[in-house]
1. Do we find that Glu76 is in contact (Cβ under 8 Å) with a residue 60 or more places away in the chain, part of a helix (DSSP H, G or I), farther than 23 Å from Val12 by Cα and of a type in the set (D, E, K, R) in this structure?
2. Give the residue, chosen from Gly97, Gly58, Gly39, Gly53, that is at pLDDT 95 or above and over 29 Å from Lys128 (Cα atoms).
3. Restricting the search to the range 92-114, which residues are closer than 20 Å to Gly11 by Cβ and either part of a helix (DSSP H, G or I) or free of Cβ contacts under 8 Å to residues at least 24 places away in the same chain (or both)?
4. May I ask you to list the residues in the range 95-112 that are small (Gly, Ala, Ser) and closer than 22 Å to Val61 by Cβ?
5. Hey, can you tell me all the residues within the range 28-47 that are over 15 Å from Ala90 (Cα atoms), of a type in the set (A, V, I, L, M) and assigned to a helix (DSSP H, G or I)?
6. Taking Lys35, is it farther than 16 Å from Met84 by Cα, basic (Lys, Arg), surrounded by 12 or more Cβ atoms within 10 Å (Cβ to Cβ) and in contact (Cβ under 8 Å) with a residue 60 or more places away in the chain?
7. When the range 1-26 is examined, which residues are found to be over 16 Å from Asp95 (Cα atoms), without any contact (Cβ under 8 Å) to a residue 60 or more places away in the chain and either of a type in the set (Gly, Ala, Ser) or in a strand (DSSP E or B) (or both)?
8. For the subset of the range 115-124 comprising residues that are surrounded by 10 or more Cβ atoms within 10 Å (Cβ to Cβ) and free of Cβ contacts under 8 Å to residues at least 24 places away in the same chain, which member is farthest from Val65 (Cα to Cα)?
Amino acid sequence: MPLWKIYHPVGVFSREDKQGLSEAITAIYARNLPKFYVGVVFQEVAADSFFIGGEPTGDFVRIWVDHIARTMPTPEIRAKFIEMVDAVLAPYVRDRGLRWECHIDETSYELWSIHGYRPPLPGTEDEKRWRAENRPSPVGPREVTA
């Protein structure tokens, strides 16, 4: 599951901006993951509560992404992903003259559940069903690896 937490100045994103950016973020993952795995939280932060370099700011967007459903195993994949993220963010931050920073944490897949279910393994029939139904449901037994 990717969870995007977007900390931003008050009023910088309209409802339409939030919808558009959330859809663009979801599209990054939709080829490989069920769409319902993707969460985006917009958190407004007042200028007197957002400091960069010890100074209050009203033009900075901070994005914190948690990845659990998949990891990026190679430098090439990580670099390509960051390029995609920068392209998705550009119309909403860079092109508006905002400054931004983004980082991605990867959590072990084994430390995740959703709606009380252990998610299906990648590429399994259960995962294909979750994608098609766009919701979690009981999964079959997991294969044990040594």
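The values are calculated or read from the model by the stated rules, or taken from the named source; none is laboratory data. Treat the numbers as computed from the prediction; the structure is a model and nothing was measured. With ideal geometry, Cβ positions are generated from the backbone for all residues, glycine too; neighbour counts draw on all protein chains shown.
1. On the way: in contact (Cβ under 8 Å) with a residue 60 or more places away in the chain: no; part of a helix (DSSP H, G or I): yes; farther than 23 Å from Val12 by Cα: yes; of a type in the set (D, E, K, R): yes.
No; evaluated as a whole, the condition is false for this residue.
2. Result: Gly97 is the single residue among Gly97, Gly58, Gly39, Gly53 that is at pLDDT 95 or above and over 29 Å from Lys128 (Cα atoms).
3. Of everything in the range 92-114, those that are closer than 20 Å to Gly11 by Cβ and either part of a helix (DSSP H, G or I) or free of Cβ contacts under 8 Å to residues at least 24 places away in the same chain (or both) turn out to be Arg94, Asp95, Arg96.
4. Gly97
5. The one that is over 15 Å from Ala90 (Cα atoms), of a type in the set (A, V, I, L, M) and assigned to a helix (DSSP H, G or I): Ala47.
6. Yes; evaluated as a whole, the condition is true for this residue.
7. Correct list: Ile6, Tyr7, Gly11, Ser22.
8. Thr124
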